[in-house]
Amino acid sequence: MTQSKNLSIKRLINGRYWASHHPLADKTGILHAHDLLIQNEQIIGLIAKDEGHYAFNSNDIEYHDLKNMLVTPGLIDCHTHLVFAGNRAYEWEKRLNGATYESIVKEGGGILSTVRATRESSEAELYNLSLPRLDSLMNEGVTTIEIKTGYGLDYDSELKTLKVIKELQNKHSIDISPTFLGAHAVPNEFIHNKSAYLDLVIDKMLPDFFTARLFEAVDIFCEKIAFSLDDAKRLFEKAHSLGIPIKAHAEQLSHLGASGLVAKFKGLSVDHIEYLEESDILLMKNSGTVATLLPLAFYFLKETKLPPIDLLRRHKIPIAVSTDFNPGTAPMASIRLAMNMAAVQFNLTPKEILKGVTVNAAKALNRSTSIGVISPNYLANLAIWAVDQPVEIFYELGKNPLVQRIYKGEFRKH
């Protein structure tokens with residue numbers, strides 16, 4: 001291993017590392033008595049504490065004393081709808097007072113109310129609305145986030161959303177994975193001609209935006225109240241022909257088989273999956289598709305049908321955990337709350353939850369070779385916590401134990 005001239009080595013000492021893949025890690029996944037070496041943007045070594053000589057001149061090493069704090073990979077929020085305008089708190093109040101979702105929609109509420117507000121907002125307004133949400137997640141140790149479109153539902157507004165996502169990426173120390181979700185709902189102007197809207201998504205938006213390198217994957221809401229399995233197949237076939245990775249909101253409210261379809265296309269992830277069946281899981285097992293759990297939406301909607309966690313475990317399906325931050329069903333920009341809810345509602349273990357927001361979330365974003373693990377040749381995207389055990393990261397809500405984020409090798413403010 002050679003050192004580039006004028007690039008110092010950061011050596012993190014007196015720390016503990018959540019590196020459950022490491023053969024010397026304890027039962028909670030913590031690796032003790034090791035130091036971490038970072039050069040430029042990458043981890044270049046995870047070495048025994050007493051290994052002082054590592055082919056570097058000592059004058060080129062910056063020492064950072066972690067004072068026994070815990071280091072994890074930077075957290076990854078792999079499913080969000082962060083860019084939107086408008087406020088649907090009034091709808092929630094109506095539901096709390098007994099109104100049905102159907103009655104709210106008839107009054108002009110629901111997702112299309114967010115669409116109206118998003119269409120009416122400028123790029124600058126959307127950016128300013130999105131920034132505090134992004135800051136909230138960064139303040140909890142998130143170094144990579146996926147952000148979907150889907151509140152524009154016309155060419156110009158979807159493009160506007162993608163430009164805002166790009167602006168957020170350019171101005172902040174966080175890795176953003178943009179996802180095109182034009183097939184989120186049918187806009188009012190196409191309410192009686194869904195097929196024509198899907199044509200617009202597939203034949204115009206999808207290729208144009210991808211050619212412009214504005215997104216990385218395509219998503220669809222496959223459900224009785226949104227798009228059918230045949231609609232999803234049309235979208236996936238076009239995406240596959242263009243080399244676009246796919247994912248889906250699947251099996252949230254009923255079983256339509258979208259998860260199995262995603263697996264057949266070797267898609268990245270299927271998300272929500274409360275009504276997932278074992279036949280879908282067997283297809284996912286052979287495709288590498290990640291099962292993404294969204295416990296905040298489950299909580300906020302007062303769902304009772306649990307995802308088949310035991311089947312996912314039995315078949316060794318990688319499980320990711322995410323916030324699903326959005327204005328209607330999960331208005332909570334807190335990855336730590338999502339982790340807590342994954343424990344309380346879905347009975348995931350602390351190790352499963354941490355893998356769900358690191359290594360498995362990285363797989364869901366097609367980044368498994370670059371982030372999500374503390375290991376040489378991975379990006380130095382890390383979070384430093386003032387905790388004794390990993391479970392404390394999401395145990396005491398209201399108190400944030402994050403001390404520092406490291407993004408691409410640089411110490412950053414929250």
Global form of region 9-156, assessed from the alpha-carbon gyration tensor, a/c cut-off 1.5: prolate
Degrees separating the helix 335-346 axis from the principal Cα axis of the chain, which is the longest one: 70 degrees
Gain in span if fully extended, T349 to E125, counting 0.36 nm per residue against the direct Cα distance: 76.6 nm
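Determine, from the Cβ-Cβ distance of T304 and E392 and an R0 of 25 Å, the FRET efficiency 1/(1 + (r/R0)^6), rounded to the nearest 0.05. List each step's numbers first, then the result.
Working: r = 29 Å, r/R0 = 1.18.
According to the calculation, E is roughly 0.25.
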Under 5 Å, built H, 5+ apart or other chain: amide partners of S269: A248, V290
Separation in nanometres of the label points that stand 7 Å from Cα toward Cβ, at K408 and L311: 4.2 nm
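If a/c stays under 1.5 just call it rounded; otherwise compare a/b with b/c (prolate if a/b is bigger, oblate if not). Do that for region 281-410, with a ≥ b ≥ c from the square roots of the Cα gyration tensor eigenvalues.
Oblate, because a/c is 1.5 or more while a/b does not exceed b/c.
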Sequence-distant residues sharing a close amide H with I176 (under 5 Å, placed H): I145
Virtual spin-label span in nm between N400 and V105, 7 Å along Cα→Cβ: 3.7 nm
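Before rounding to the nearest 500, sum -39500 (n - 2.57) across all DSSP H runs of length at least 4 in the chain and divide by the residue total; then give [θ] at 222 nm in deg cm²/dmol.
Taken over the chain, the calculation gives -9500 deg cm²/dmol.
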Three-way shape label, region 292-354, alpha-carbon gyration tensor, a/c 1.5: prolate
Long-range amide H partners of I9 with built H, under 5 Å: I61, E62
Folded to 0 to 90 degrees: helix 155-171 orientation relative to the chain principal axis, Cα: 10 degrees
Degrees, to the nearest 10: 229-242 long Cα axis against longest axis of the chain: 50 degrees
Extension reserve of the H21-D203 stretch, reckoned as 0.36 nm per residue once the Cα distance is removed: 61.2 nm
³J(HN,Hα) computed for each position of region 263-273 - Karplus, 6.51 cos²θ - 1.76 cosθ + 1.60, integer Hz, glycine/proline x: 4, 4, 8, 6, x, 6, 7, 10, 10, 5, 6
Net lengthening on full extension, D230/T211 (0.36 nm per residue, minus Cα-Cα): 4.3 nm
The chain: relative contact order as a whole-number percent, Cα under 8 Å and 6+ apart: 19 percent
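Between their Cα atoms, which of K160/K238; K233/K363; K148/K247; K10/K413 are more than 20 Å away from each other? Could the numbers behind the result be given before it?
Numbers: K160/K238 23 Å; K233/K363 23 Å; K148/K247 11 Å; K10/K413 17 Å.
Those over the limit are K160/K238; K233/K363.
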Considering only region 265-414, percent of DSSP beta bridges that pair antiparallel, nearest 5: 55 percent
Percent antiparallel among DSSP beta bridges (both partners in the chain, rounded to 5): 45 percent
[x] 22.1; [y] 31.0; [z] 20.3, with the label sought being that of the calculated mean projected area of the Cα convex hull in nm²: [z]
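Taken together, the values in this text are just the output of simple stated rules run on the coordinates, not laboratory data. The model shown is predicted, which means the values in this text are computed figures rather than measured ones. Methodologically, a virtual Cβ is constructed for each residue, glycine included, from the backbone with ideal geometry; neighbour enumeration extends over all protein chains shown.
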